[in-house]
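A.B. asks: Please see the structure below; I have some questions.
The values are calculated or read from the model by the stated rules, or taken from the named source; none is laboratory data. Being a predicted model, the structure only gives us computed values, none of them experimental. Here Cβ is always computed from backbone atoms with ideal geometry, including for glycine, and neighbour counts include all displayed protein chains.
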Amino acid sequence: MSNRAVITGAGIWSCLGNDLDTVCRSLYDGKSGIGLSPERLQYGYQSGLLGIVEQPVITKQMLDRHTRVGMPEHTQYAYMAARQAFAQANIDNDYLAQNECGCIFGSDSSAKPVIETYKTMEAEHDTAMLGYGMVFQSMNSTVTMNLSTIFHLRGINFTVSAACASGSHSIGLGYMMIRQGLQDIVLCGGAQETNQYSVASFDALGVFSARMDEPQKASRPFDRDRDGLVPSGGAAAIVLEEYEHAINRGAKILAEVVGYGFSGNGAEISKPSDQGCVVAMSRALKDAQLNPADIDYINAHATSTPQGDMYEAMAIDQLFGGCKTLVSSTKSMTGHECWMAGASEIVYSLLMMQHNFVAPNINLENPDEYSAKINLTAQTVETKVDTVLSNSFGFGGTNSALVIKKI
């Protein structure tokens, strides 16, 4: 596998902003995108905390009504992020019509159309009342089926459902496709809906923060006083491209994906594992032919849950102890973007790499005993960032780690 996979475009639609420049400023300033959703409390959630994501306005000049009807909320986010990524990569519709491009996105649910279908059927008892678009909205593969249709993508086309590691695995698989010479260009990313139906079952587990009097201080990865995560969402997209292909068409190369590691914990369905994390990170480093000391920054998965943060801190300390590698969790600002997180955190890391800073782990006031052993930063650090390791873990013990490097 001699081919190299580089990033030539990126796009983002998140609670930190709807474009790369705005998101970069939010990251640098340590600005939280978390607020309170009265709709969730009215619906019966224990916690109304939420990463507040602006709903896109997709006009008929952008897409016809027939197409828009088949797009649920998170597919709309993904469409807006993909537009940005293709634009930055200087790839237009004419280019896509003449060249094969794949599409792999991470997404593990489409709750709202499923629930709305059920409610309509309960009220009307008539499938004719469901309309044309519900079937396309409700499928787990709704993001890739829509994006591939909209942009006329004719390459590899599937959705990765791997809980909160979905977005990361999508990039890892796109990277492997390019490394193996199976594709020249792949649009990769992740998308997560933010409507009131999307994570009610998570709320039932009692894993969400109850710090509703101070929403922007609620997400506290690695902090001793954390009381749970804050759900969030949106979409992120990157254009992955074979290096020579990018050079030959004159594309600007933003960074290179040089390592992908993965593992399964093989234990309890919701219990994280320090050893599973170590295996994924070690495989990513081995694939990248790098040592722990070569990594400038670790974008931690840390979601602000007591167990998850603890095991990841233990794993980082085990592998990077003595290296003083800077660590932060951008989820302190975004909350947990779930299926999107592994992709958005590559975009966030890419922005730090381009602008020479490490974003802060905000709300870190009292690191716990495990977190105190790693080089966490609660403040923005202006520093050269050439190599980044990004962690993503999910229910069922799925682990993913990616290494990106500045060229």
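A.B. asks: Which one is surrounded by the fewest Cβ atoms within 10 Å (Cβ to Cβ), of the residues in segment 181-217 that are more than 25 Å from residue 306 (Cβ to Cβ) and of a type in the set (Asp, Glu)?
C.D. replies: For segment 181-217, the residue satisfying everything is 184.
Residues are listed down the side, and each one gets a yes or a no for (1) touching a strand residue (DSSP E or B) at 6+ places or on another chain (Cβ under 7 Å); (2) among the β-branched types (Val, Ile, Thr); (3) over 23 Å from residue 260 (Cβ atoms); (4) at pLDDT below 95:
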site: 323; (1), (2), (3), (4): no, no, no, yes
site: 338; (1), (2), (3), (4): yes, no, no, no
site: 341; (1), (2), (3), (4): yes, no, no, no
site: 379; (1), (2), (3), (4): no, no, yes, no
site: 392; (1), (2), (3), (4): yes, no, no, no
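A.B. asks: If you take the residues of segment 138-154 that are surrounded by fewer than 19 Cβ atoms within 10 Å (Cβ to Cβ) and touching a strand residue (DSSP E or B) at 6+ places or on another chain (Cβ under 7 Å), which of them is nearest to residue 79 (Cα to Cα)?
C.D. replies: 141
A.B. asks: Are there strands (runs of 3 or more DSSP E) fully within segment 18-111 with at least 2 residues that are surrounded by fewer than 23 Cβ atoms within 10 Å (Cβ to Cβ) and touching a Cys at 6+ places or on another chain (Cβ under 8 Å)? List them.
C.D. replies: Fully inside segment 18-111 and qualifying: nothing.
A.B. asks: For residue 129, which of the numbered conditions (1) modelled with pLDDT of 95 or more; (2) of a type outside the set (S, T, N, Q); (3) in contact with a helix residue (DSSP H, G or I) (Cβ under 6 Å, 6 or more places away or on another chain); (4) assigned to a helix (DSSP H, G or I) fails to hold?
C.D. replies: (1)
A.B. asks: Okay, moving on. Residue by residue through segment 333-380, note down the ones that are more than 21 Å from residue 22 (Cβ to Cβ), hydrophobic (A, V, I, L, M, F, W, C) and not in a helix (DSSP H, G or I).
C.D. replies: 364, 374, 376, 378
A.B. asks: Tell me the residue from 407, 374, 362 that is surrounded by 16 or more Cβ atoms within 10 Å (Cβ to Cβ), over 29 Å from residue 161 (Cα atoms) and more than 21 Å from the chain's Cα centre (by Cα), please.
C.D. replies: 374
A.B. asks: Then there's this: Which condition number does residue 289 fail, the rest of (1) touching a strand residue (DSSP E or B) at 6+ places or on another chain (Cβ under 6 Å); (2) on the phi > 0 side of the Ramachandran plot; (3) surrounded by fewer than 24 Cβ atoms within 10 Å (Cβ to Cβ) being met?
C.D. replies: Failing condition for residue 289: (1).
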